[in-house]
Structure formats: structure tokens, C-alpha cells
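Following: one structure in C-alpha cells, then a few remarks.
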């Protein structure tokens, strides 16, 4: 295990160095720091760095030997934003620990999934385009109902940690729990009957006499049950046999990264905008119990203002003030990139941009809180659209995941085009466990 962790740390850190070297070379040639190419490279570099940090944290929790250093003596990669890297790494480590615990349970139940023999058999299964199936390990325990095979433990870890690096929702620090059936149950915290939003958890305190009365505190804690329905998602790719045979590097490594990115998008789409029906998870935007704050500006149903009317600018301040103070530490914004662009254009009385500097920084911030962008968030222009989420995901959102990941190679279906199919399946759901930790901004 430690050898694989060392290899993963080295690979991710070296990839980050390579991306950063390319950034420096482009800057030296005069390319603008905000160009799409440099921006994409910076995102890749940061994702690789976060993945390396998560592996180093995992090393600390599993190995008695000192953690390995980054390659090249830990050379600092400038200009990596330290604050952003520390914040996002801490969030990813939390998700990684939960995933690691689930994988350990899977390892205990089916130790064959962690064996070198099964890993070799699985790689042979893939590289033979499904012709050579895992032989002595082709057990019911490692096959899913759709005919695929459970991905070996180490490959699952690689995919899941990369998925967390690319996912908005998982990167916001939501609690991740394991599920053993298609419905996971969790505690849903309800608003206190008399003191509203003052309290932050399932414990509510008050002052009582030295000898409390029998009824003191009885009406304090308010619990509900959150049922999280687990939904199945899958990602499919169809590479040609020639591409796999002629690819100059490790093609499975490339597919691992690509699968993680696609699964991250699927998870974000479902957990943000899922309706709860038609095989979709119940997304946060579908929760009708979260309070809303209007962000409508000087033009109807839009984010807008003028030099003579603050419009949406003042209302953005309002939504921050509406979130209870105990949730502000760790709060963040989630919005569509075009919504962020409109907020950039809000002006003061002298026609100067109000928050352009913060939204153009790395990471982008608004009123002191980080901004996460997702194309699955609604845009303005339609009455009632929820164009922004402001809240604390670590305090109010739960992601339930049913292990394990599985993969299936489709041989005959695409044989006439000399391709083969590779399907990766995951089962996940999510839900709001504390509605008071969020506010929706609407137009």
C-alpha cells in the first residue's frame, strides 16, 4: 500500500510541476495570466497538488514510517495560492478520510479486492478488451448485477480522490457517509421552536437551577429523519482498440483521470439540481424548506444595478447577513459563471466596479467568502430562479455513497467500429440535514 501511495504522490506532484513549468513558459512568452490556456493549466496544477496532499495525509493515517516528501525536494510551485490550497486540501482530506473508511470496510469484507492477483487480473481484463476475465476471483462478491467487476481498491481510491478534487459539492466539505442499502437515514436538525436559528446542532443548551425541574430542556432538541435515496450513475467511454494499443503512456491512468472528472460532473449535477425523480438524486435546489433572499436588481428578474440604485449589490449584502452567525465560518457561494460575471459588473455611484477585484482573484471571493462556480446552477432572467447558494456545506449537507465502484468492458456492442466500451458505475445521493445553514438568492 505504501509503495502505491508513494507512486501516487510522486505522479501527482510531478504532474503539478509540469503544469506549473508550462504556465511559467507561457508567461515568459507574453501570454496573459488570465488567458483560457493558463487558467486551465492552473486548475490542473492545483488539482494534482490537492490529490498529492490527500495521499500524504492518507500516508500519515496508515503508515508508521515518515511521510514521503514531494519530488525535487519539495520545491515550492509559485504562484500557488497557499490559502486556497490549504482550505481546499483540508476539505478534500475530510472527504478522503470518509471514503478511505468505506474502502477499508470493503477490504475487510472482500480482501481479494485488495490483492495483487485481483489487480493484475483486472488490468488484464481491461487490456485484453474484456476477453480475459478475472479467473479465480470472478466471484459473486466482485461482480455487480450488470455484469461488471468491482474496481480494485487502489484504483477506486485513485478515482474517488480525483473526483473529490474536481467536484464542487465534494470540495465544499459536505459530510460523506457510507450506505449499505438504497436508502441512507440521517438526522435532520429542525429549527428551535422559540429561539429560531441561534443553535447550530442537535444539542441545545440553557441555564437551569442547581436542581433542574423535570421538564427543563424537554422542548429543546428538535429532530427529524433525513432519508437519502441512493441513485446509480454511470460514465461511458468508447476508445478504439488502436488507440489503446498505440497510446504512448498508461492509458488506464488517463481513463482514471477522465472518469473522475466525469463522475464529478455527474455528482454535482445531481446533488445540485436533481429533482428526486426519474432516477435523479434529490438536489439541494429542490429543497423547499431553505429560506430565500431576493437578489433581483434594477432590471426585472436579473442581477443588475445602476449608479443611482444599488439594486442587486445591496441585496447580496443582505443574504450574507441572513445566514446565522455560527455558519459564517466556512460559508461559501455557489453560482453559475455567468452570474458571477454579472456580479463583477455591479457598480457604485461613480460607475466603478464594486467587487471585480475579489471575483478576479484566485480564489474568487465575494464579500470575503469563496465563490465556487458550477454550470449546473440556474442563471437569471427567469422569475424565481435560485441563482446563488450561500451557506455552510460542512454544517448542513450530507452525501451518502454506496460502495463499491464497478467497471464493465463491452466487447461485442462496438466491435463493428473496432471500439470497445468501458462503463464505470457509482451509487450516490445527498440531502440537507440542516436547512438553516443555507440561504438561496433568487431573482
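The values are calculated or read from the model by the stated rules, or taken from the named source; none is laboratory data. Just so you know, these numbers come straight off a predicted model, no measurement behind them. No Cβ is skipped: glycine too gets one built from the backbone with ideal geometry, and neighbour counts run over all protein chains shown.
Within the group 321, 374, 361, which residue is closer than 30 Å to residue 231 by Cβ and assigned by TED's automatic domain parsing to the domain that holds residue 430? Steps first, answer last, please.
Numbers: 321 fails: closer than 30 Å to residue 231 by Cβ; 361 fails: closer than 30 Å to residue 231 by Cβ.
Step by step, each of 321, 374, 361 is checked, and only 374 is closer than 30 Å to residue 231 by Cβ and assigned by TED's automatic domain parsing to the domain that holds residue 430.
Please count how many residues of the range 247-260 are in contact with a strand residue (DSSP E or B) (Cβ under 9 Å, 6 or more places away or on another chain) and either outside the structural domain of residue 443 (by TED's automatic domain parsing) or surrounded by fewer than 18 Cβ atoms within 10 Å (Cβ to Cβ) (or both).
Looking only at that region, the number is 1.
Assuming residue 121 fulfils every condition listed in (1) farther than 21 Å from residue 400 by Cβ; (2) modelled with pLDDT under 75; (3) buried (at least 20 other Cβ atoms within 10 Å of the Cβ) apart from one, which condition is it?
(2) is the only condition that residue 121 fails.
With respect to residue 379, is the statement that it is modelled with pLDDT of 90 or more and touching a helix residue (DSSP H, G or I) at 6+ places or on another chain (Cβ under 9 Å) true?
Yes; evaluated as a whole, the condition is true for this residue.
Of all helices (runs of 4 or more DSSP H) completely enclosed by the range 332-403, which ones contain at least 3 residues that are under 24 Å from residue 289 (Cβ atoms)? First the steps, then the outcome.
Details: elements: 337-344, 356-359, 393-396.
Answer list for the range 332-403: 393-396.
Which of the residues spanning the range 370-395 are within 21 Å of residue 310 (Cβ to Cβ) and surrounded by 18 or more Cβ atoms within 10 Å (Cβ to Cβ)?
Within the range 370-395, 371, 380, 385, 387, 388, 390 qualify.
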